[in-house]
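Peer 1: Okay, here's the structure, questions in a sec.
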Amino acid sequence: MPLAAPKRLLLLLLLLAALHSATAALVRPLYQVSDEVNYLISVQREALGGNPRPALVTCISPVNGAAPPLTPGGKPWFHWVGARALGGLCAAGAGALAPIMLRLILSLSLVIVTYAGWHTARVVGGGLWVPAVTALALATQPVLAKYAGAVTPDSLANACAALAVLAAVRWIVLGPGLSRLAALLAWTALAAAMKDAALFLVPVNGLVLMTAVLPSGDDRSTSRGTWPVVLGGIVLAALIALQTRTAYQIGPGLTAAGSAPLAFVLAVIIDATAQLPSFVTSSWTSLGGFGGGSATLPSTAGVIVGLLWAVAGLGLARATVTFGGAERQVRIAAAYLGLAFIACLLQAPVRQVLLQTVDQHQGRWLFPAAVPVAVAFAIGVRAALGDLAERAWPLLTGSLVTVVLLATTAVAQWHVAGPDWSLDHRHLYLHATGGLDVGRERILAQIVHAWPAAGGIVATLLLLLVGGCGVLLMRSGPSSERTFSHVQHADHR
């Protein structure tokens, strides 16, 4: 099997991410992603402003020229960015396709996440195999692609969070620097500003900055001296994440936290543990629709995903031994990735703490930690396969691309009835969340105007290109360089 050069392999993986997310943006009608009905309407209203021009009104409100209704507030940074992009598309003559084109622009966020995953794994693990599998796992995650290709803060928040994780890992492994400090602060702030599910990065990456004062070196005494500081910081960051204040944590929750902090922490841990299965299931199976029903991952794809994660889980236990010989900075970076996922899981915005809410779409709130999870998956698979890793690359790639094809086809079948791609109204979510009805006629009219023109032939072509890109990747695998030994710092500066 020919081995791909790093740049060529990375370009193929980024192309796969772009094709996958673009297909996700086109195969779903407008408003058919969790809360998109609120966010898109809010972006449209923000774009119109106080004194809208007639051409802009016609583009944004093609039904009767009336301004979109008021929707629940929140996410002002996303509304500002989305409104400028939507207004620019209308000014450029996009017309009724402007919301679809806005989706396609936002779908590039999956490319950013894939890029960040590759480089994060490159810094932590070295070699090419683990970075390639990390990027492949991100590029082929069907629900992550769903939220990348939608008018929702998740797209930008996930991209900024991935870059924040990359900046933190570079700071830990490669050492402090002014440019790394600026990147760490900027991406962390932007991720938290875009979506409260990324707030965990504030205390956790604040802890990362503390590593600048830790002594350097690899000898045993230094390692023994620094680990208590690191572990103490991990506990501190976890407690801060537990107490994150958001609109979800109010009333009885605040009272319980103030009167009995230890009991509250225990309740948080029990609550998160109990909801973890629904988080994981939702992060893979919530493919389309919103409300009472949703297109789910086909059983064949589910079996593939389950088997791959079973292999990764077994390998992760084995990988802990391999990390014993890694550089101190690499061990700290691996601990950081684990802490990032735990903090994301435990924070109040994810669990809607003490409200006893179970949301079938809640798994999307774990995606700001998508890069740490993908790195863990790649490390686990690599450790489980051992010397067979290089030869297993075609099978692994083919399996994940098959999941993409099956998942996307399931979404298309959910939303479409008949060979002419006529919409099945029973599978359209026509109301806003929070009990606010923005108008069935308005929503349906925009769907009919925008989606059928782009969702049929173009989406099918893109899906074929996804398969073609997968074939190229299967034939060009990474070399099985040894990982977790010594990181080549010069490669990542």
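The values are calculated or read from the model by the stated rules, or taken from the named source; none is laboratory data. Only a predicted model underlies this, so the values are computations on that prediction, with no experimental measurement involved. Here the Cβ is made from the backbone with ideal geometry for all residues, glycine too, and neighbour counts use every protein chain on show.
Peer 1: Report, by residue number, each residue of segment 80-101 that is touching a residue at least 60 places away in the same chain (Cβ under 8 Å), farther than 18 Å from G49 by Cβ and of a type in the set (G, A, S).
Peer 2: If the condition is that a residue be touching a residue at least 60 places away in the same chain (Cβ under 8 Å), farther than 18 Å from G49 by Cβ and of a type in the set (G, A, S), then A96 is the only one that fits.
Peer 1: When segment 381-395 is examined, which residues are found to be touching a residue at least 12 places away in the same chain (Cβ under 8 Å), under 14 Å from L307 (Cα atoms) and either of a type in the set (K, R) or surrounded by fewer than 24 Cβ atoms within 10 Å (Cβ to Cβ) (or both)?
Peer 2: Residues satisfying the conditions are A384, L385.
Peer 1: Among A197, A191, A162, which is at pLDDT 90 or above, touching a Pro at 6+ places or on another chain (Cβ under 7 Å) and closer than 25 Å to A18 by Cβ?
Peer 2: A191
Peer 1: For segment 273-290, which residues satisfy the criterion of being surrounded by 15 or more Cβ atoms within 10 Å (Cβ to Cβ) and over 18 Å from the mean Cα position of the chain (by Cα)?
Peer 2: Q275, G289, F290
Peer 1: Okay, next question. Go through the residues of segment 359-373 one by one and say whether even a single one is farther than 30 Å from L423 by Cα, among the small types (G, A, S), out of contact with any Gly (no Cβ under 7 Å at 6 or more places or on another chain) and modelled with pLDDT of 80 or more.
Peer 2: Yes, some residue in segment 359-373 is farther than 30 Å from L423 by Cα, among the small types (G, A, S), out of contact with any Gly (no Cβ under 7 Å at 6 or more places or on another chain) and modelled with pLDDT of 80 or more.
Peer 1: Among L136, L104, L108, which is touching a Ser or Thr at 6+ places or on another chain (Cβ under 8 Å), surrounded by fewer than 24 Cβ atoms within 10 Å (Cβ to Cβ) and in contact (Cβ under 8 Å) with a residue 60 or more places away in the chain?
Peer 2: Going through L136, L104, L108 in turn, the sole match is L108.
Peer 1: I've got another one for you. Among the residues of segment 282-300 satisfying the criterion of being outside any loop (DSSP other than H, G, I, E, B) and more than 20 Å from L423 (Cβ to Cβ), which is modelled with the highest pLDDT? Explain how you work it out, then say what you get.
Peer 2: To start, the set of residues in segment 282-300 that are outside any loop (DSSP other than H, G, I, E, B) comprises 282-285, 288, 295, 299-300.
Cutting the leftovers down to more than 20 Å from L423 (Cβ to Cβ) gives us 282-285, 299-300.
Details: S282: 84, S283: 88, W284: 90, T285: 87, S299: 92, T300: 95.
That would be T300.
Peer 1: Here is a further query. Which of the helices (runs of 4 or more DSSP H) contained wholly in segment 382-478 include at least 1 residues that are at pLDDT 85 or above and not aliphatic (A, V, I, L, M)?
Peer 2: 389-415, 457-475
Peer 1: So which residues in segment 7-26 are more than 13 Å from M101 (Cα to Cα) and buried (at least 24 other Cβ atoms within 10 Å of the Cβ), if there are any at all?
Peer 2: L13, L16, A17, L19, H20
Residue-by-condition table, conditions (1) at pLDDT 80 or above; (2) out of contact with any helix residue (DSSP H, G or I) (no Cβ under 8 Å at 6 or more places or on another chain); (3) surrounded by 13 or more Cβ atoms within 10 Å (Cβ to Cβ); (4) in a helix (DSSP H, G or I):
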| residue | (1), (2), (3), (4) |
| --- | --- |
| A257 | no, no, yes, yes |
| L262 | no, yes, no, yes |
| D271 | no, no, yes, yes |
| G302 | yes, no, yes, yes |
| L308 | yes, no, yes, yes |
| G313 | yes, no, yes, yes |
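Peer 1: Do the conditions hold for L400, that is, is it closer than 30 Å to P29 by Cα and touching a Phe, Trp or Tyr at 6+ places or on another chain (Cβ under 8 Å)?
Peer 2: So L400 fails the test.
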